[in-house]
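Peer 1: I have a structure I would like to understand better, so I am pasting it below and will then ask my questions one at a time.
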Amino acid sequence: MTKISNLFLLFVLISCSSETSDNESVTETPEDELELSLDLERNIFGIDERIIINASSDETLSLGCIGSDFFNPDVSQLTKCVGIDNDNQFQVSFSYQTVGIKTFFIEAQTQDGKVRRLERQIQVDSITNSVRISKVTLNTYPNKGKSFDPGFSDTDPERLADLYFQINKRYVGIDVSKENPSYKHVDLPISEVHENESSFEWNYESNELLFSVDNVLYFELFDLDGDPTTSEHLTNWFLNFADYVSEKPSQINIDNYGGSVKVTFELDWN
């Protein structure tokens, strides 16, 4: 009976040892797979904010890539790869223009074909390093109150401009192995149209106009004439948040072109 017990115990020990060995082999990095580590400053970022990731390996790399489903809503997934010249590390930078949970991957490759891809998730929120425009007031602009359509009399309200503006904002483009950011620009949807100068104010209660605290905005004011493609351009102005971020005023007044354009912005800083 003792011999049988000893044999059974020996069988159990051998089985456990074999199982442990198999599990360890699963978690080990295969010999043909590249060791790759990522250094990310934090996991929560603001809209348009530059996100920097440093990727490194113990082997010399030949290619570095970044990809995400959320870079461009018109493309299912955008990937950018750059060749790496005799180095074991590279830097990736990019930004997101919408809030939410974002998934991206970093991929590296060696000259002899070893490849490693690492996937990560971050959160882009509406309160990290951001500023929101809650109201835009157009105080003065060229030809305010004057006729924009000679087909109407001087007392007909139809002669007045149908006002709207459009914002062009900048954002950080996708870069691999570049120290300085490459800025891109995109036009936002046009504002509400105020027909016949019915109002000079635009109010925003949610996050329609949410930007990074270092963003530079370019505003253009139009008179709608049929549709936006044929609208008349009236004037333009810039708003550089970096000029105000240290004080974070709740209101900014822009005075351009010798006072012919005066605009007031009401802001919520985060």
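The values are calculated or read from the model by the stated rules, or taken from the named source; none is laboratory data. Not measured: the values here are computed from a predicted model. Neighbour counts run over all protein chains shown; Cβ positions are idealised from the backbone, glycine included. All accessible areas refer to the heavy atoms of the entire protein, side chains included, with ligands and DNA or RNA removed. Shrake-Rupley method; radii C 1.70, N 1.55, O 1.52, S 1.80 Å.
Peer 1: What's the ranking of 84-92, 160-168, 224-232 by average number of surrounding C-beta atoms within 10 Å, highest first?
Peer 2: Values: 84-92: 16.0, 160-168: 20.4, 224-232: 11.6.
Sorting 84-92, 160-168, 224-232 by mean packing, highest first, produces 160-168, 84-92, 224-232.
Peer 1: Can I ask one more? Need one number: nm distance between label points at residue 182 and residue 118, each 7 Å from Cα along Cα→Cβ, rounded to one decimal.
Peer 2: 2.3
Peer 1: Follow-up. In degrees, nearest 10, range 0 to 90: what is the angle between the Cα axis of helix 2-27 and the longest Cα principal axis of the chain?
Peer 2: The two axes meet at around 30 degrees.
Peer 1: In the chain, what percent of the accessible surface is made up of carbon and sulfur (1.4 Å probe, ligands and nucleic acids excluded)?
Peer 2: 47
Peer 1: Can you tell me how much longer the chain between residue 154 and residue 196 gets when fully stretched, taken as 0.36 nm per residue apart minus their C-alpha distance, in nm with one decimal?
Peer 2: That works out to 13.8 nm of additional length.
Peer 1: Let me ask something else. May I ask you to give the solvent-accessible area per residue for the chain, in square angstrom, as obtained with a 1.4 angstrom probe?
Peer 2: 57
Peer 1: Given a cut-off of under 8 Å on Cα pairs at least six residues apart, what relative contact order in percent is computed for the chain? Show your work: numbers first, answer last.
Peer 2: Details: 574 pairs, mean separation 48.4, N = 270.
Computed over the chain, the figure is 18 percent.
Peer 1: Tell me the relative contact order for segment 102-238 as a rounded percent, counting alpha carbon contacts under 8 Å between residues six or more apart.
Peer 2: 25
Peer 1: Report the FRET efficiency, 1/(1 + (r/R0)^6), for residue 42 and residue 69, where r is their Cβ-Cβ distance and R0 is 22 Å, rounded to 0.05.
Peer 2: With a Förster radius of 22 Å, E is 0.55.
Peer 1: Springs between alpha-carbon pairs under 10 angstrom, Gaussian network model over the chain: which of 199, 93, 56 fluctuates most?
Peer 2: 199
Peer 1: Given labels modelled 7 Å from the Cα in the Cβ direction, how far is it in nm from residue 245 to residue 146?
Peer 2: Result for the modelled spin labels: 3.9 nm.
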